[in-house]
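J.: Sharing a structure, written as C-alpha coordinates. Questions coming.
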Amino acid sequence: MDEVTGAQLIAEALKSQNVEYMFGIVGVPIIEVAMAAQAAGIKYVGMRNEQAVEACRLYSKFSARPSSLEMIPAVVEKAVRSSIYGRPGATYIDIAGDMVNAKIDRASVRFVSCCPAPPVSQADSREITQAVRLLRAAQRPLIIIGKGAAYARAEKEVRELVEVTGIPFLPTPMGKGVLSDDHPNCVAAARSRALLQADVIVLLGARLNWILHFGFPPRFSPHVKIIQVDLCAEELSNNVRAASALLGDIVAVVRQLLETVRSWRFPSDSQWWLTLKEKMTANAQISKSLALQSTLPMNYYTAFHHISELLPKDCIIVSEGANTMDIGRTMLLNYLPRHRLDAGTFGTMGVGPGFAIAAAVLEQTQKSAQRVVCIEGDSAFGFSGMEVETMCRYKLPIIIIVINNNGIYSGVDPKTWKEMEKMGDMTTIAPPVTLLPEAQYEQVMSAFGGRGYLVRTVEELRSALQESLDNTQMPSLLNVLIDPASDLFNYLQASRISIYFGAI
Ligand code: ADP
(Lines give C-alpha, C1' and ligand atoms only; values in the text may rest on other atoms or scores of the structure.)
Protein backbone atom coordinates (compact mmCIF):
# COMPACT_ATOMS: atom_id res chain seq x y z
CA MET A 1 0.00 0.00 0.00
CA ASP A 2 1.36 3.45 -0.97
CA GLU A 3 0.63 5.55 2.10
CA VAL A 4 0.34 9.31 2.03
CA THR A 5 -0.09 11.76 4.93
CA GLY A 6 -2.52 14.67 5.14
CA ALA A 7 0.45 17.07 5.01
CA GLN A 8 1.72 15.48 1.79
CA LEU A 9 -1.75 15.60 0.26
CA ILE A 10 -2.09 19.31 1.04
CA ALA A 11 1.34 20.06 -0.44
CA GLU A 12 0.81 17.95 -3.54
CA ALA A 13 -2.68 19.38 -4.12
CA LEU A 14 -1.28 22.91 -3.96
CA LYS A 15 1.54 21.97 -6.31
CA SER A 16 -0.96 20.57 -8.83
CA GLN A 17 -2.74 23.92 -8.76
CA ASN A 18 0.59 25.54 -9.77
CA VAL A 19 1.11 27.14 -6.35
CA GLU A 20 4.77 28.18 -6.23
CA TYR A 21 5.11 29.91 -2.85
CA MET A 22 3.81 29.24 0.62
CA PHE A 23 3.94 31.90 3.35
CA GLY A 24 3.36 30.75 6.89
CA ILE A 25 4.23 30.54 10.54
CA VAL A 26 5.02 27.09 11.80
CA GLY A 27 4.07 25.40 15.02
CA VAL A 28 2.78 21.89 15.65
CA PRO A 29 1.36 20.49 13.36
CA ILE A 30 2.02 23.07 10.64
CA ILE A 31 5.73 22.17 10.54
CA GLU A 32 4.88 18.99 8.67
CA VAL A 33 2.83 20.92 6.10
CA ALA A 34 5.68 23.37 5.46
CA MET A 35 8.18 20.51 5.15
CA ALA A 36 5.90 18.60 2.80
CA ALA A 37 5.51 21.76 0.71
CA GLN A 38 9.27 22.07 0.36
CA ALA A 39 9.50 18.39 -0.53
CA ALA A 40 6.85 18.95 -3.21
CA GLY A 41 8.92 21.78 -4.71
CA ILE A 42 7.01 24.73 -3.23
CA LYS A 43 9.14 27.58 -1.85
CA TYR A 44 8.29 28.14 1.82
CA VAL A 45 8.71 31.61 3.35
CA GLY A 46 8.47 31.67 7.15
CA MET A 47 6.87 34.93 8.33
CA ARG A 48 6.61 36.60 11.74
CA ASN A 49 3.15 38.16 11.83
CA GLU A 50 0.18 35.79 11.83
CA GLN A 51 -2.69 38.28 12.08
CA ALA A 52 -2.75 38.74 8.34
CA VAL A 53 -3.36 35.01 7.90
CA GLU A 54 -6.18 34.97 10.45
CA ALA A 55 -7.84 37.95 8.75
CA CYS A 56 -8.23 35.87 5.58
CA ARG A 57 -10.87 33.75 7.24
CA LEU A 58 -13.16 36.71 7.82
CA TYR A 59 -12.83 38.20 4.37
CA SER A 60 -12.45 35.13 2.23
CA LYS A 61 -14.61 34.34 -0.79
CA PHE A 62 -14.69 30.66 0.03
CA SER A 63 -13.93 28.79 3.22
CA ALA A 64 -14.14 25.05 3.82
CA ARG A 65 -12.95 22.27 6.07
CA PRO A 66 -12.26 19.00 4.20
CA SER A 67 -14.33 16.23 5.75
CA SER A 68 -11.66 13.60 5.05
CA LEU A 69 -8.12 13.24 3.75
CA GLU A 70 -9.47 11.95 0.45
CA MET A 71 -11.21 15.30 -0.11
CA ILE A 72 -8.13 17.52 0.34
CA PRO A 73 -7.11 17.86 -3.36
CA ALA A 74 -10.71 18.67 -4.42
CA VAL A 75 -11.08 21.33 -1.71
CA VAL A 76 -7.71 22.87 -2.60
CA GLU A 77 -8.68 23.06 -6.28
CA LYS A 78 -11.98 24.68 -5.35
CA ALA A 79 -10.23 27.24 -3.16
CA VAL A 80 -7.69 28.14 -5.85
CA ARG A 81 -10.40 28.33 -8.54
CA SER A 82 -12.64 30.49 -6.35
CA SER A 83 -9.77 32.86 -5.63
CA ILE A 84 -9.06 33.61 -9.32
CA TYR A 85 -12.50 33.26 -10.95
CA GLY A 86 -14.82 36.29 -10.92
CA ARG A 87 -13.64 39.04 -8.59
CA PRO A 88 -10.22 37.89 -7.35
CA GLY A 89 -9.90 37.39 -3.61
CA ALA A 90 -8.56 35.32 -0.73
CA THR A 91 -9.94 31.89 0.15
CA TYR A 92 -9.55 29.89 3.35
CA ILE A 93 -9.16 26.17 4.07
CA ASP A 94 -9.33 24.95 7.64
CA ILE A 95 -7.62 21.60 8.17
CA ALA A 96 -8.08 19.76 11.45
CA GLY A 97 -4.74 19.25 13.24
CA ASP A 98 -5.05 15.48 13.46
CA MET A 99 -5.44 15.23 9.67
CA VAL A 100 -1.93 16.50 9.03
CA ASN A 101 -0.17 13.36 10.25
CA ALA A 102 -2.95 10.89 9.52
CA LYS A 103 -2.21 8.45 6.67
CA ILE A 104 -4.31 6.93 3.91
CA ASP A 105 -3.75 4.81 0.85
CA ARG A 106 -2.87 7.05 -2.13
CA ALA A 107 -5.16 4.94 -4.34
CA SER A 108 -8.24 6.13 -2.42
CA VAL A 109 -7.56 9.85 -3.02
CA ARG A 110 -9.52 11.78 -5.66
CA PHE A 111 -6.77 13.81 -7.33
CA VAL A 112 -7.83 16.96 -9.24
CA SER A 113 -5.73 18.60 -11.96
CA CYS A 114 -5.00 22.33 -12.16
CA CYS A 115 -8.10 24.46 -12.69
CA PRO A 116 -8.39 26.12 -16.14
CA ALA A 117 -7.69 29.85 -16.59
CA PRO A 118 -10.71 32.02 -15.66
CA PRO A 119 -13.38 32.33 -18.38
CA VAL A 120 -13.68 35.75 -20.01
CA SER A 121 -17.05 37.37 -20.56
CA GLN A 122 -18.18 40.29 -22.73
CA ALA A 123 -20.76 42.98 -22.05
CA ASP A 124 -24.24 43.16 -23.59
CA SER A 125 -23.91 44.88 -26.99
CA ARG A 126 -26.90 47.19 -26.29
CA GLU A 127 -25.14 48.50 -23.20
CA ILE A 128 -22.00 49.08 -25.28
CA THR A 129 -24.01 51.16 -27.79
CA GLN A 130 -25.49 53.16 -24.91
CA ALA A 131 -22.02 53.71 -23.38
CA VAL A 132 -20.60 55.02 -26.65
CA ARG A 133 -23.64 57.30 -27.13
CA LEU A 134 -23.03 58.78 -23.68
CA LEU A 135 -19.33 59.23 -24.33
CA ARG A 136 -19.83 60.98 -27.63
CA ALA A 137 -22.24 63.44 -26.00
CA ALA A 138 -19.97 64.16 -23.02
CA GLN A 139 -18.69 67.67 -22.38
CA ARG A 140 -16.37 66.68 -19.53
CA PRO A 141 -15.54 62.96 -19.84
CA LEU A 142 -13.18 61.15 -17.50
CA ILE A 143 -11.83 57.59 -17.34
CA ILE A 144 -11.09 56.20 -13.86
CA ILE A 145 -8.62 53.29 -13.90
CA GLY A 146 -9.01 51.03 -10.87
CA LYS A 147 -7.09 48.06 -9.59
CA GLY A 148 -9.48 45.78 -11.50
CA ALA A 149 -7.74 47.01 -14.69
CA ALA A 150 -4.40 46.04 -13.15
CA TYR A 151 -5.70 42.60 -12.15
CA ALA A 152 -7.18 42.17 -15.64
CA ARG A 153 -3.78 42.99 -17.22
CA ALA A 154 -5.70 45.41 -19.40
CA GLU A 155 -2.87 47.93 -19.87
CA LYS A 156 -2.70 47.57 -23.67
CA GLU A 157 -6.46 47.96 -24.20
CA VAL A 158 -6.83 50.79 -21.67
CA ARG A 159 -3.93 52.67 -23.29
CA GLU A 160 -5.63 52.33 -26.67
CA LEU A 161 -8.94 53.58 -25.26
CA VAL A 162 -7.28 56.63 -23.69
CA GLU A 163 -5.13 57.42 -26.71
CA VAL A 164 -7.83 56.84 -29.36
CA THR A 165 -10.48 58.88 -27.52
CA GLY A 166 -8.16 61.51 -26.02
CA ILE A 167 -10.10 61.42 -22.73
CA PRO A 168 -8.33 62.41 -19.47
CA PHE A 169 -7.82 59.64 -16.93
CA LEU A 170 -7.33 59.28 -13.21
CA PRO A 171 -5.87 56.16 -11.56
CA THR A 172 -7.03 54.90 -8.17
CA PRO A 173 -4.19 54.19 -5.69
CA MET A 174 -3.50 50.67 -6.96
CA GLY A 175 -4.66 51.49 -10.48
CA LYS A 176 -1.54 53.66 -10.67
CA GLY A 177 0.86 52.43 -13.34
CA VAL A 178 -1.69 50.64 -15.57
CA LEU A 179 -0.92 53.70 -17.65
CA SER A 180 2.18 55.60 -16.59
CA ASP A 181 1.59 58.45 -14.13
CA ASP A 182 3.48 60.72 -16.53
CA HIS A 183 1.17 59.91 -19.46
CA PRO A 184 -0.05 63.21 -21.00
CA ASN A 185 -3.70 62.26 -20.34
CA CYS A 186 -3.15 61.59 -16.62
CA VAL A 187 -4.91 64.28 -14.59
CA ALA A 188 -4.05 62.97 -11.12
CA ALA A 189 -2.69 66.40 -10.18
CA ALA A 190 -6.20 67.81 -10.69
CA ARG A 191 -7.99 64.87 -9.05
CA SER A 192 -10.60 66.79 -7.06
CA ARG A 193 -11.58 69.04 -9.94
CA ALA A 194 -11.73 66.13 -12.38
CA LEU A 195 -14.03 64.11 -10.08
CA LEU A 196 -16.22 67.06 -9.22
CA GLN A 197 -16.79 68.43 -12.70
CA ALA A 198 -16.84 65.31 -14.88
CA ASP A 199 -20.23 64.74 -16.56
CA VAL A 200 -19.53 61.22 -17.88
CA ILE A 201 -17.17 58.83 -16.10
CA VAL A 202 -15.95 55.50 -17.46
CA LEU A 203 -15.22 53.43 -14.37
CA LEU A 204 -12.81 50.63 -15.26
CA GLY A 205 -12.56 48.14 -12.38
CA ALA A 206 -12.95 50.50 -9.45
CA ARG A 207 -15.65 50.55 -6.81
CA LEU A 208 -17.52 53.67 -5.81
CA ASN A 209 -16.47 53.16 -2.20
CA TRP A 210 -14.82 55.57 0.26
CA ILE A 211 -11.68 55.74 -1.89
CA LEU A 212 -13.85 57.39 -4.56
CA HIS A 213 -16.08 59.23 -2.06
CA PHE A 214 -18.95 56.83 -2.92
CA GLY A 215 -19.51 58.78 -6.14
CA PHE A 216 -21.64 61.27 -4.16
CA PRO A 217 -21.81 65.07 -4.02
CA PRO A 218 -20.04 67.23 -2.90
CA ARG A 219 -17.09 65.36 -4.42
CA PHE A 220 -18.97 64.32 -7.60
CA SER A 221 -21.57 66.10 -9.69
CA PRO A 222 -25.10 64.94 -8.73
CA HIS A 223 -25.77 64.58 -12.48
CA VAL A 224 -22.71 62.51 -13.35
CA LYS A 225 -23.37 59.58 -15.68
CA ILE A 226 -21.35 56.49 -14.85
CA ILE A 227 -20.34 53.94 -17.49
CA GLN A 228 -19.34 51.10 -15.21
CA VAL A 229 -17.19 48.15 -16.26
CA ASP A 230 -16.89 45.33 -13.73
CA LEU A 231 -16.95 41.54 -13.82
CA CYS A 232 -18.88 41.40 -10.56
CA ALA A 233 -22.60 41.87 -11.28
CA GLU A 234 -23.41 42.86 -7.69
CA GLU A 235 -21.04 45.80 -7.98
CA LEU A 236 -22.92 47.42 -10.86
CA SER A 237 -24.97 50.49 -9.83
CA ASN A 238 -23.60 50.30 -6.33
CA ASN A 239 -24.09 53.73 -4.68
CA VAL A 240 -24.66 55.50 -8.02
CA ARG A 241 -27.03 54.02 -10.61
CA ALA A 242 -24.95 53.15 -13.70
CA ALA A 243 -26.05 54.94 -16.86
CA SER A 244 -24.45 52.04 -18.71
CA ALA A 245 -23.64 48.80 -16.88
CA LEU A 246 -20.99 46.79 -18.69
CA LEU A 247 -20.71 43.40 -17.06
CA GLY A 248 -17.56 41.64 -18.18
CA ASP A 249 -13.81 41.40 -18.18
CA ILE A 250 -12.07 44.75 -18.72
CA VAL A 251 -9.87 43.52 -21.57
CA ALA A 252 -12.88 42.16 -23.49
CA VAL A 253 -15.21 45.08 -22.72
CA VAL A 254 -12.67 47.78 -23.60
CA ARG A 255 -12.12 46.01 -26.93
CA GLN A 256 -15.90 46.15 -27.51
CA LEU A 257 -15.91 49.86 -26.69
CA LEU A 258 -13.00 50.47 -29.07
CA GLU A 259 -14.78 48.68 -31.90
CA THR A 260 -17.89 50.80 -31.43
CA VAL A 261 -16.30 54.17 -30.68
CA ARG A 262 -14.17 53.86 -33.85
CA SER A 263 -12.39 57.13 -34.67
CA TRP A 264 -14.37 59.47 -32.41
CA ARG A 265 -12.06 61.74 -30.43
CA PHE A 266 -12.64 64.19 -27.61
CA PRO A 267 -11.10 67.52 -28.67
CA SER A 268 -7.81 68.38 -26.97
CA ASP A 269 -8.60 72.12 -27.20
CA SER A 270 -11.87 71.72 -25.27
CA GLN A 271 -12.70 73.89 -22.25
CA TRP A 272 -12.50 70.70 -20.11
CA TRP A 273 -8.87 70.05 -21.00
CA LEU A 274 -8.02 73.72 -20.42
CA THR A 275 -9.58 73.78 -16.97
CA LEU A 276 -7.86 70.53 -15.96
CA LYS A 277 -4.47 71.68 -17.25
CA GLU A 278 -4.77 75.00 -15.45
CA LYS A 279 -5.50 73.19 -12.17
CA MET A 280 -2.64 70.69 -12.69
CA THR A 281 -0.17 73.52 -13.22
CA ALA A 282 -1.35 75.34 -10.07
CA ASN A 283 -1.20 72.19 -7.91
CA ALA A 284 2.20 71.20 -9.29
CA GLN A 285 3.50 74.60 -8.25
CA ILE A 286 2.21 74.16 -4.67
CA SER A 287 3.89 70.73 -4.36
CA LYS A 288 7.08 72.04 -5.92
CA SER A 289 7.39 74.95 -3.51
CA LEU A 290 6.85 72.57 -0.56
CA ALA A 291 9.34 70.08 -2.03
CA LEU A 292 12.05 72.66 -2.45
CA GLN A 293 11.91 74.00 1.12
CA SER A 294 15.35 73.69 2.69
CA THR A 295 14.41 74.06 6.37
CA LEU A 296 15.09 71.18 8.78
CA PRO A 297 13.50 68.91 9.83
CA MET A 298 12.29 68.09 6.35
CA ASN A 299 8.59 68.06 5.43
CA TYR A 300 6.90 65.14 3.61
CA TYR A 301 7.15 66.79 0.20
CA THR A 302 10.88 67.42 0.45
CA ALA A 303 11.56 63.84 1.53
CA PHE A 304 9.38 62.38 -1.25
CA HIS A 305 10.79 64.73 -3.88
CA HIS A 306 14.34 63.47 -3.29
CA ILE A 307 13.26 59.85 -2.94
CA SER A 308 11.39 60.03 -6.26
CA GLU A 309 14.42 61.51 -8.01
CA LEU A 310 16.51 58.46 -7.10
CA LEU A 311 14.06 55.57 -7.40
CA PRO A 312 14.40 53.44 -10.54
CA LYS A 313 11.35 53.67 -12.81
CA ASP A 314 10.72 49.94 -12.63
CA CYS A 315 10.81 49.63 -8.83
CA ILE A 316 7.89 48.15 -6.94
CA ILE A 317 6.53 50.63 -4.44
CA VAL A 318 4.84 49.29 -1.32
CA SER A 319 3.33 51.93 0.91
CA GLU A 320 1.29 52.25 4.07
CA GLY A 321 0.58 54.85 6.69
CA ALA A 322 -1.66 57.90 6.83
CA ASN A 323 0.08 61.00 5.46
CA THR A 324 2.99 58.89 4.27
CA MET A 325 0.70 56.85 2.04
CA ASP A 326 -1.48 59.79 0.94
CA ILE A 327 1.27 62.25 0.10
CA GLY A 328 3.52 59.47 -1.21
CA ARG A 329 0.80 58.47 -3.64
CA THR A 330 0.88 61.87 -5.29
CA MET A 331 4.64 62.44 -5.10
CA LEU A 332 5.96 59.00 -6.14
CA LEU A 333 5.15 58.16 -9.73
CA ASN A 334 4.39 54.68 -11.02
CA TYR A 335 5.43 53.92 -14.55
CA LEU A 336 4.46 50.25 -14.83
CA PRO A 337 1.31 48.26 -14.06
CA ARG A 338 1.09 46.22 -10.83
CA HIS A 339 4.07 48.03 -9.32
CA ARG A 340 2.23 49.62 -6.42
CA LEU A 341 0.87 47.85 -3.37
CA ASP A 342 -0.69 49.72 -0.49
CA ALA A 343 -3.12 49.42 2.40
CA GLY A 344 -5.96 48.99 -0.12
CA THR A 345 -9.70 49.03 0.32
CA PHE A 346 -9.78 48.50 4.07
CA GLY A 347 -6.80 50.75 4.84
CA THR A 348 -5.27 47.82 6.70
CA MET A 349 -2.00 48.74 8.42
CA GLY A 350 0.75 46.16 8.85
CA VAL A 351 0.48 44.68 5.37
CA GLY A 352 3.45 46.56 3.89
CA PRO A 353 6.40 44.37 4.95
CA GLY A 354 4.48 41.20 4.01
CA PHE A 355 3.69 42.59 0.55
CA ALA A 356 7.32 43.67 0.16
CA ILE A 357 8.60 40.21 1.10
CA ALA A 358 6.25 38.50 -1.37
CA ALA A 359 7.31 40.90 -4.15
CA ALA A 360 11.02 40.52 -3.32
CA VAL A 361 10.86 36.70 -3.21
CA LEU A 362 9.32 36.77 -6.69
CA GLU A 363 11.94 39.22 -7.94
CA GLN A 364 14.68 37.02 -6.49
CA THR A 365 13.34 33.99 -8.39
CA GLN A 366 12.79 35.88 -11.63
CA LYS A 367 16.15 37.67 -11.35
CA SER A 368 14.55 40.71 -12.98
CA ALA A 369 16.62 43.11 -10.83
CA GLN A 370 13.56 45.24 -10.02
CA ARG A 371 13.92 46.76 -6.56
CA VAL A 372 11.22 46.64 -3.90
CA VAL A 373 10.89 49.84 -1.89
CA CYS A 374 8.63 49.80 1.16
CA ILE A 375 7.65 53.28 2.30
CA GLU A 376 6.17 53.20 5.78
CA GLY A 377 4.81 55.72 8.22
CA ASP A 378 6.47 55.25 11.62
CA SER A 379 3.20 54.08 13.13
CA ALA A 380 2.48 51.71 10.21
CA PHE A 381 5.98 50.25 10.46
CA GLY A 382 5.28 49.28 14.07
CA PHE A 383 2.54 46.84 13.10
CA SER A 384 4.73 44.28 11.34
CA GLY A 385 8.23 45.69 11.88
CA MET A 386 9.55 42.33 13.04
CA GLU A 387 9.30 41.10 9.45
CA VAL A 388 12.66 42.84 9.07
CA GLU A 389 14.09 39.63 10.51
CA THR A 390 12.40 37.65 7.71
CA MET A 391 13.94 39.99 5.13
CA CYS A 392 17.41 39.53 6.64
CA ARG A 393 16.97 35.74 6.99
CA TYR A 394 16.26 35.35 3.27
CA LYS A 395 18.67 38.17 2.26
CA LEU A 396 15.91 40.03 0.42
CA PRO A 397 17.31 43.39 -0.69
CA ILE A 398 14.17 45.36 0.24
CA ILE A 399 14.63 49.05 1.01
CA ILE A 400 12.39 50.19 3.85
CA ILE A 401 11.98 53.93 4.21
CA VAL A 402 10.32 54.92 7.49
CA ILE A 403 8.98 58.46 7.26
CA ASN A 404 9.19 59.26 10.94
CA ASN A 405 7.20 62.17 12.33
CA ASN A 406 7.11 60.78 15.89
CA GLY A 407 3.46 59.84 15.81
CA ILE A 408 0.21 58.94 14.13
CA TYR A 409 -0.70 61.91 11.88
CA SER A 410 1.64 64.09 13.96
CA GLY A 411 3.92 63.89 16.99
CA VAL A 412 6.04 66.10 19.20
CA ASP A 413 9.75 66.90 19.19
CA PRO A 414 12.09 65.34 21.82
CA LYS A 415 12.28 68.59 23.84
CA THR A 416 8.49 68.89 24.18
CA TRP A 417 8.33 65.19 25.09
CA LYS A 418 10.84 65.72 27.92
CA GLU A 419 8.86 68.72 29.19
CA MET A 420 5.69 66.61 29.19
CA GLU A 421 7.45 63.86 31.13
CA LYS A 422 8.27 66.37 33.88
CA MET A 423 4.61 67.29 34.14
CA GLY A 424 3.54 63.87 35.46
CA ASP A 425 2.02 60.61 34.33
CA MET A 426 2.42 60.31 30.56
CA THR A 427 -0.64 58.10 30.26
CA THR A 428 -2.74 61.13 31.13
CA ILE A 429 -0.56 63.76 29.44
CA ALA A 430 0.85 62.38 26.18
CA PRO A 431 -1.48 63.08 23.24
CA PRO A 432 -2.80 59.72 22.00
CA VAL A 433 -1.34 60.33 18.56
CA THR A 434 2.23 60.60 19.83
CA LEU A 435 4.91 57.93 19.62
CA LEU A 436 8.37 58.02 21.19
CA PRO A 437 10.21 60.93 19.51
CA GLU A 438 13.12 60.07 17.24
CA ALA A 439 12.77 56.32 17.84
CA GLN A 440 15.75 54.61 16.20
CA TYR A 441 13.94 52.23 13.88
CA GLU A 442 17.11 51.80 11.80
CA GLN A 443 18.55 49.75 14.66
CA VAL A 444 15.81 47.16 14.18
CA MET A 445 17.37 46.49 10.80
CA SER A 446 21.00 46.48 11.98
CA ALA A 447 20.04 44.09 14.79
CA PHE A 448 19.51 41.40 12.15
CA GLY A 449 22.46 42.21 9.91
CA GLY A 450 20.86 44.60 7.40
CA ARG A 451 21.98 48.21 6.89
CA GLY A 452 20.29 50.88 9.03
CA TYR A 453 20.54 54.63 8.37
CA LEU A 454 19.41 57.53 10.53
CA VAL A 455 18.56 60.38 8.17
CA ARG A 456 17.99 64.03 9.06
CA THR A 457 19.07 66.00 6.00
CA VAL A 458 18.52 65.89 2.26
CA GLU A 459 22.18 64.97 1.72
CA GLU A 460 21.92 62.08 4.18
CA LEU A 461 18.70 60.94 2.55
CA ARG A 462 20.17 60.92 -0.94
CA SER A 463 23.40 59.16 0.03
CA ALA A 464 21.66 56.54 2.20
CA LEU A 465 19.15 55.79 -0.55
CA GLN A 466 21.84 55.56 -3.21
CA GLU A 467 23.91 53.20 -1.04
CA SER A 468 20.83 51.07 -0.40
CA LEU A 469 20.05 50.91 -4.11
CA ASP A 470 23.62 49.81 -4.79
CA ASN A 471 23.35 47.06 -2.17
CA THR A 472 21.66 44.11 -3.87
CA GLN A 473 22.60 41.56 -1.20
CA MET A 474 20.79 42.71 1.96
CA PRO A 475 17.85 44.83 3.05
CA SER A 476 18.27 48.41 4.28
CA LEU A 477 16.18 50.69 6.46
CA LEU A 478 16.26 54.48 6.24
CA ASN A 479 14.78 56.17 9.30
CA VAL A 480 13.92 59.59 7.88
CA LEU A 481 13.21 62.08 10.66
CA ILE A 482 10.78 64.69 9.40
CA ASP A 483 9.04 67.60 11.06
CA PRO A 484 6.62 66.16 13.68
CA ALA A 485 4.25 69.02 12.85
CA SER A 486 4.54 68.51 9.08
CA ASP A 487 1.07 67.00 9.13
CA LEU A 488 -0.49 70.15 10.58
CA PHE A 489 1.06 72.05 7.75
CA ASN A 490 -0.39 69.54 5.35
CA TYR A 491 -3.86 70.03 6.83
CA LEU A 492 -3.50 73.76 6.40
CA GLN A 493 -2.52 73.28 2.79
CA ALA A 494 -5.40 70.87 2.25
CA SER A 495 -7.94 73.23 3.74
CA ARG A 496 -6.52 76.09 1.71
CA ILE A 497 -6.85 73.96 -1.40
CA SER A 498 -10.43 73.05 -0.55
CA ILE A 499 -11.31 76.69 0.09
CA TYR A 500 -9.87 77.42 -3.31
CA PHE A 501 -11.97 74.63 -4.81
CA GLY A 502 -15.03 75.93 -3.05
CA ALA A 503 -14.53 79.34 -4.59
CA ILE A 504 -14.45 78.01 -8.15
P1 ADP B 1 -9.80 50.44 -6.44
O2 ADP B 1 -9.33 50.37 -5.03
O3 ADP B 1 -8.71 50.56 -7.45
O4 ADP B 1 -10.91 51.41 -6.66
P5 ADP B 1 -11.54 48.17 -6.03
O6 ADP B 1 -10.90 47.02 -5.36
O7 ADP B 1 -12.43 49.06 -5.24
O8 ADP B 1 -10.39 49.00 -6.79
O9 ADP B 1 -12.38 47.65 -7.26
C10 ADP B 1 -11.84 46.80 -8.22
C11 ADP B 1 -13.02 46.28 -9.04
O12 ADP B 1 -12.50 45.64 -10.20
C13 ADP B 1 -13.85 45.25 -8.29
O14 ADP B 1 -15.20 45.66 -8.24
C15 ADP B 1 -13.66 43.96 -9.12
O16 ADP B 1 -14.85 43.21 -9.20
C17 ADP B 1 -13.27 44.50 -10.47
N18 ADP B 1 -12.45 43.60 -11.28
C19 ADP B 1 -11.41 42.84 -10.88
N20 ADP B 1 -10.88 42.16 -11.91
C21 ADP B 1 -11.60 42.52 -13.01
C22 ADP B 1 -11.56 42.15 -14.40
N23 ADP B 1 -10.67 41.28 -14.87
N24 ADP B 1 -12.47 42.71 -15.23
C25 ADP B 1 -13.41 43.58 -14.76
N26 ADP B 1 -13.49 43.97 -13.48
C27 ADP B 1 -12.60 43.44 -12.61
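The values are calculated or read from the model by the stated rules, or taken from the named source; none is laboratory data. The structure displayed is predicted, hence computed values, not measured ones. Here the Cβ positions follow ideal geometry from the backbone for every residue, glycine too, while neighbour counts run over all protein chains shown. Accessible surface is based on the protein model in full, side chains and every heavy atom, while ligands, DNA and RNA are left aside. Shrake-Rupley method; radii C 1.70, N 1.55, O 1.52, S 1.80 Å.
J.: Restricting to region 269-292, give me the number of residues that are loosely packed, with under 15 Cβ neighbours inside 10 Å and under 30 Å from R462 (Cα atoms).
T.: 7
J.: Continuing with this model, one more query. Within region 407-425, does at least one residue satisfy the condition of being out of contact with any Ser or Thr (no Cβ under 8 Å at 6 or more places or on another chain), among the polar types (S, T, N, Q) and surrounded by fewer than 24 Cβ atoms within 10 Å (Cβ to Cβ)?
T.: Yes, region 407-425 has at least one match.
J.: Sticking with this one: Condition first: modelled with pLDDT under 95 and β-branched (V, I, T). Now tell me which residues in region 36-90 satisfy that.
T.: Passing the criteria: V45, V53.
J.: If you don't mind, there's one more thing I want to ask. Could you list, ordered by first residue, the pairs with Cβ atoms under 7 Å in which the first is in region 72-96 and more than 16 Å from the ligand (Cβ to nearest atom) and the second is open to solvent by 40 Å² or more (accessible area, probe 1.4 Å) and assigned to a strand (DSSP E or B), at least 6 apart or interchain?
T.: Short answer, once both residue conditions are applied: V75/I93; V76/I93; A79/I93; Y92/S63; D94/S63.
J.: So which of A282, A233, A243 is touching a residue at least 60 places away in the same chain (Cβ under 8 Å) and hydrophobic (A, V, I, L, M, F, W, C)?
T.: That would be A243, the only listed residue that is touching a residue at least 60 places away in the same chain (Cβ under 8 Å) and hydrophobic (A, V, I, L, M, F, W, C).
J.: Scan V251, V202, V261, V229 and give me the residue that is under 23 Å from the mean Cα position of the chain (by Cα) and closer than 16 Å to R136 by Cα.
T.: Residue meeting the stated conditions: V202.
J.: May I pose another question? If a residue must be buried (at least 17 other Cβ atoms within 10 Å of the Cβ) and in a strand (DSSP E or B), how many such residues does region 86-132 contain?
T.: Count: 3.
J.: Check whether at least one residue in region 435-443 is of a type in the set (G, A, S) and either surrounded by 21 or more Cβ atoms within 10 Å (Cβ to Cβ) or outside the structural domain of F355 (by TED's automatic domain parsing) (or both), and report yes or no.
T.: Among the residues of region 435-443, not one is of a type in the set (G, A, S) and either surrounded by 21 or more Cβ atoms within 10 Å (Cβ to Cβ) or outside the structural domain of F355 (by TED's automatic domain parsing) (or both), which makes the answer no.
J.: With respect to S60, determine if the residue is among the polar types (S, T, N, Q) and within 27 Å of G347 (Cα to Cα).
T.: yes
J.: Given the conditions (1) farther than 14 Å from R456 by Cα; (2) open to solvent by less than 40 Å² (accessible area, probe 1.4 Å), report the number of the one that R329 does not fulfil.
T.: Only one criterion is unmet by R329, namely (2).
J.: Follow-up. Every residue in region 133-162 that is closer than 26 Å to L341 by Cβ, hydrophobic (A, V, I, L, M, F, W, C) and either open to solvent by 70 Å² or more (accessible area, probe 1.4 Å) or more than 10 Å from the ligand (Cβ to nearest atom) (or both), please.
T.: Scanning region 133-162 gives L142, I143, V158, L161, V162.
J.: Give me the helices (runs of 4 or more DSSP H) completely within region 234-350, filtered to those with at least 2 residues that are within 16 Å of the ligand (Cβ to nearest atom) and in the same structural domain as C186 (by TED's automatic domain parsing), ordered by residue number.
T.: Passing ranges, in order: 250-261.
J.: Further question: Looking at (1) free of Cβ contacts under 8 Å to residues at least 40 places away in the same chain; (2) open to solvent by less than 30 Å² (accessible area, probe 1.4 Å); (3) within 21 Å of L454 (Cβ to Cβ), which is the only condition A343 fails?
T.: Checking A343 against (1) free of Cβ contacts under 8 Å to residues at least 40 places away in the same chain; (2) open to solvent by less than 30 Å² (accessible area, probe 1.4 Å); (3) within 21 Å of L454 (Cβ to Cβ), the one that fails is (3).
J.: If I filter region 97-117 down to residues being without any contact (Cβ under 8 Å) to a residue 60 or more places away in the chain and within 31 Å of the chain's Cα centre (by Cα), which single residue comes out as nearest to the ligand (Cβ to nearest atom)?
T.: Across region 97-117, the extreme among qualifying residues is A117.
J.: If you take the residues of region 59-71 that are away from the ligand (no atom under 16 Å from the Cβ) and part of a loop (DSSP other than H, G, I, E, B), which of them is least open to solvent (accessible area, probe 1.4 Å)?
T.: P66
J.: Restricting to region 201-233, name every residue that is within 11 Å of the ligand (Cβ to nearest atom) and part of a strand (DSSP E or B).
T.: Result: L203, L204, Q228, V229, D230.
Yes or no, residue by residue, for (1) open to solvent by 10 Å² or more (accessible area, probe 1.4 Å); (2) within 29 Å of C315 (Cα to Cα):
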| site | (1), (2) |
| --- | --- |
| L179 | no, yes |
| L196 | yes, no |
| N209 | yes, yes |
| L236 | yes, no |
| A243 | yes, no |
| L246 | no, no |
| V261 | no, no |
| P267 | yes, no |
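J.: Select from region 1-15 the residues that are in contact with an Asp or Glu (Cβ under 8 Å, 6 or more places away or on another chain) and either among the charged types (D, E, K, R) or surrounded by 16 or more Cβ atoms within 10 Å (Cβ to Cβ) (or both) and list them in ascending order.
T.: D2, E3, V4, T5, A7, A13 - these are the residues of region 1-15 that are in contact with an Asp or Glu (Cβ under 8 Å, 6 or more places away or on another chain) and either among the charged types (D, E, K, R) or surrounded by 16 or more Cβ atoms within 10 Å (Cβ to Cβ) (or both).
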